[in-house]
Amino acid sequence: MSVSMRSGRTRKLKFEINVVPYIDVMLVLVVILMVAAPMTNPSVVNLPNAGPSKQAPTDYLELTIKADGTASIGRHSKGKAEKSRSRADLMEQLAHLHEAEPDLPLLIAADKDIKYDDVVQMIAGAKKVGIARVGLATK
């Protein structure tokens, strides 16, 4: 496209985007972030506290995992717990107890030195068996 002028010369128009205002805005944003970043402390994490449940069950299955790897499972009201060494035996006992009384919830009480993955595996195993309500014991 050409535009004619009085003197007869034609001038070509240049279609360009002026990026200078965008650079100014970005520099202002970078300065704001640099000033605001040291004000936050990323090492502080506020963890929620677990309070007592409002409606605690009176009768439930209790799975206790100790630091040495032993686990015991039993019904809370009867007080007698069966000890188990392997995870397969534990899941078998849990399935047997769940078949006997499918309405009972499961409470998992694990030692603080147990790996988190072991507790998650127990929760997943309980869900596979068919237990709908699984809780964690807290101190």
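One table, with the values for the structure above:
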item	result
Top-ranked residue in region 93-108 [being within 28 Å of the chain's Cα centre (by Cα) and in a helix (DSSP H, G or I); ranked as surrounded by the most Cβ atoms within 10 Å (Cβ to Cβ)]	Leu94
Every residue from region 124-138 that is surrounded by 16 or more Cβ atoms within 10 Å (Cβ to Cβ) and among the hydrophobic types (A, V, I, L, M, F, W, C)	Ala126, Val129, Ile131, Val134
Lone unmet requirement of (1) over 19 Å from His76 (Cα atoms); (2) β-branched (Val, Ile, Thr); (3) assigned to a loop (DSSP other than H, G, I, E, B) for Ile131	(1)
Matching residues, region 81-92, being part of a helix (DSSP H, G or I) and either out of contact with any helix residue (DSSP H, G or I) (no Cβ under 9 Å at 6 or more places or on another chain) or at pLDDT 90 or above (or both)	Ala88, Asp89, Glu92
Any hit, region 34-50, residues being outside the structural domain of Met91 (by TED's automatic domain parsing), surrounded by 10 or more Cβ atoms within 10 Å (Cβ to Cβ) and modelled with pLDDT of 85 or more	no
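The values are calculated or read from the model by the stated rules, or taken from the named source; none is laboratory data. Given the structure is predicted, the values throughout are model-derived calculations rather than measurements. Cβ: placed from backbone, ideal geometry, glycine included. Neighbour counts: every protein chain shown.
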